[in-house]
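Only one structure is covered here, and it is reproduced in the block below.
The values are calculated or read from the model by the stated rules, or taken from the named source; none is laboratory data. Here the structure is a predicted model, which means the values were calculated and not measured. No Cβ is skipped: glycine too gets one built from the backbone with ideal geometry, and neighbour counts run over all protein chains shown.
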Amino acid sequence: MNSRTGFWRELRKHARPDWQPQTTTVIPDFKPSARSYLDGATRYVEAAGILCDTARSVDPIGLVASHGVELGLKAYLLHCGMTERELRDIGQDLAELWMRARVKGLEIEYGPPYWVRVLSVAHGRPHLLYRYPPERVASAIPDPQELKRALSDFLHRVSLAIAG
């Protein structure tokens, strides 16, 4: 038995009885679009809202919320004509993405608001605290219900701007 087979066998022991491994479809030459990024942002923001309702664990809320913001901002910037390469050069810097989207005309606060600054510290490089929590370092998020409202408003603004 190879290690891959052993992995799936062990996983099935602990999975729901009706669970089956999913096949992965590789999409050749996938090019992100404003629509695909906005769809991703929508899914992540919805998931963040569910996590915010439980308010149990900071890192998962921060990770999912910050990734939703990143995708939403990148969706808008792609819509405005930025290239995938330009977005890759900016990376995961939520504050920088926020400012660029604002300059390109997205109707958001001038300067990243408090909740974006908090998420930005732990989301992007060099820290990546939400993904890889180091010992003796605590990460933070804004108040979960305030964050949920802010994410919803943000996504609404991005959706309207892209729609027309």
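Kindly provide the set of residues from the range 123-164 that are among the aliphatic types (A, V, I, L, M) and at pLDDT below 90, ordered by number. Talk me through it step by step, then tell me what you get.
Within the range 123-164, the first condition is being among the aliphatic types (A, V, I, L, M), and the residues that meet it are 128-129, 137-138, 140-141, 147, 150-151, 155, 158, 160-163.
Across the range 123-164, the qualifying residues are L128, L129, V137, A138, A140, I141.
Out of (1) part of a helix (DSSP H, G or I); (2) aliphatic (A, V, I, L, M); (3) over 24 Å from S36 (Cβ atoms); (4) touching a His at 6+ places or on another chain (Cβ under 9 Å), what's the single condition that is false for A161?
So A161 meets the others, but not (3).
From the list L78, L106, which residue is part of a loop (DSSP other than H, G, I, E, B), buried (at least 20 other Cβ atoms within 10 Å of the Cβ), modelled with pLDDT of 95 or more and of a type in the set (A, V, I, L, M, F, W, C)?
When all the criteria are applied, what remains is L106.
Can you name the residue in the range 46-73 that is closer than 12 Å to L119 by Cβ and among the β-branched types (V, I, T) and, of all such residues, is surrounded by the fewest Cβ atoms within 10 Å (Cβ to Cβ)?
In this case the residue turns out to be V58.
Go through R100, R88, R56 for me and flag whichever is of a type in the set (D, E, K, R) and assigned to a loop (DSSP other than H, G, I, E, B).
Among R100, R88, R56, only R56 is of a type in the set (D, E, K, R) and assigned to a loop (DSSP other than H, G, I, E, B).
Can you tell me which residue is nearest to V137 (Cα to Cα) among those in the range 44-96 that are without any contact (Cβ under 8 Å) to a residue 24 or more places away in the chain and among the basic types (K, R)?
Here the answer is R56.
In the range 89-137, how many residues are among the β-branched types (V, I, T), within 15 Å of L151 (Cβ to Cβ) and touching a helix residue (DSSP H, G or I) at 6+ places or on another chain (Cβ under 6 Å)?
Count: 2.
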